[in-house]
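Asks: Please find one structure pasted underneath; my questions will follow.
The values are calculated or read from the model by the stated rules, or taken from the named source; none is laboratory data. Quantities reported herein were computed from a predicted structural model and do not represent experimental measurements. Glycine also receives a Cβ, built like all others from the backbone with ideal geometry; neighbour counts cover every protein chain displayed. The accessibility values were calculated without ligands, DNA or RNA, using every heavy atom of the protein model including side chains. Shrake-Rupley method; radii C 1.70, N 1.55, O 1.52, S 1.80 Å.
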Amino acid sequence: MRILISNDDGYQSPGLAVLYEALVPLGEITVVAPERNCSGASNSLTLQRPLSVFLGANGFRYVNGTPTDCVHIALTGLLDTHPDIVVSGINDGQNMGEDTLYSGTVAAATEGFLFGIPSFAFSQVNKGWSHLDSATQVVREVVERYMEWPLSTPFLLNVNIPNLPYSQLKGMLATRLGKRHPSHPVIRQESPHGDTIYWIGPAGEARDSSEGTDFHAVEHDHVSLTPLQLDLTHTDQLRVVNDWLMRCG
């Protein structure tokens, strides 16, 4: 199996290193990751300047751009053939609910999915890399399960793993995205030069963490697997908008 690996924490991330070690026995691995942390980069492409690809001391290729840049360059400029799967992670912190709209980890996997390639995004629920060995075991298990029983169509699977010893995980659940409250306000400070500066505040707490959501699953020590889609059409509002246009007439 040919596997393309990327992330949003950068090519020197501990999560990327263990992801590589977990998957290297399973096939031919190519790593193309960002030069530095790109958390919150979402699906942005770098269009205002050229990009370069470098080879790191750890043997991983890295790009002075976003996670989406990395996968896009790999698929359209570096690799002779497309990989069988794209795997992004392991992220330092959860990507649940609306996080998926901002996440660079999810974005790297999304770029693979846009090219028709089955893609996975893996994240640990809490920051700090605790029990990373457990998360690595989950990654290996999920990918091996796909290799043995592949799904019939390309997919984008968002996986969140509680920071627990493997023996304490209660299995895997297929989930839907929960919902968060609005983000906390920006943090206003003054720079050393006297200018007003702003830091983006933390994400909002869970608003819908009911049974069946990703929030509920990890809260109860399950690994959450959420299939994502890219069609943003609000189908239920098509008739509403059409009626509004007719009235405005």
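Asks: Can you pull out the residues in segment 213-243 that are of a type in the set (G, A, S) and either exposed (fewer than 14 other Cβ atoms within 10 Å of the Cβ) or part of a helix (DSSP H, G or I) (or both)?
Replies: Correct list: A217 only.
Asks: Still on this structure: Taking segment 80-119 only, how many residues are under 13 Å from Q229 (Cα atoms), touching a helix residue (DSSP H, G or I) at 6+ places or on another chain (Cβ under 6 Å) and not small (G, A, S)?
Replies: 3
Asks: Out of the residues in segment 76-92 meeting the condition of being more than 16 Å from S44 (Cβ to Cβ), buried (at least 20 other Cβ atoms within 10 Å of the Cβ) and at pLDDT 95 or above, tell me which one is farthest from the chain's Cα centre (by Cα).
Replies: So the residue we want is P83.
Asks: Can I ask one more? Return the residues of segment 195-211 that are open to solvent by less than 40 Å² (accessible area, probe 1.4 Å) and more than 20 Å from V106 (Cβ to Cβ); say none if nothing qualifies.
Replies: Residue satisfying the conditions is G201 alone.
Asks: Of the numbered conditions (1) part of a loop (DSSP other than H, G, I, E, B); (2) surrounded by fewer than 19 Cβ atoms within 10 Å (Cβ to Cβ); (3) free of Cβ contacts under 8 Å to residues at least 60 places away in the same chain, F54 satisfies every one except a single condition; which is it?
Replies: (1)
Asks: While we're looking at this one, here's another question. What is the residue count in segment 1-41 for residues that are assigned to a loop (DSSP other than H, G, I, E, B) and open to solvent by less than 60 Å² (accessible area, probe 1.4 Å)?
Replies: Residues meeting the conditions: 10.
Asks: Condition test on F115, is it open to solvent by 60 Å² or more (accessible area, probe 1.4 Å) and over 28 Å from V218 (Cα atoms)?
Replies: Here the answer is yes, as F115 does meet what is asked.
Asks: Which residue, of G93, G89, is in contact with a Gly (Cβ under 7 Å, 6 or more places away or on another chain) and on the phi > 0 side of the Ramachandran plot?
Replies: Among G93, G89, only G89 is in contact with a Gly (Cβ under 7 Å, 6 or more places away or on another chain) and on the phi > 0 side of the Ramachandran plot.
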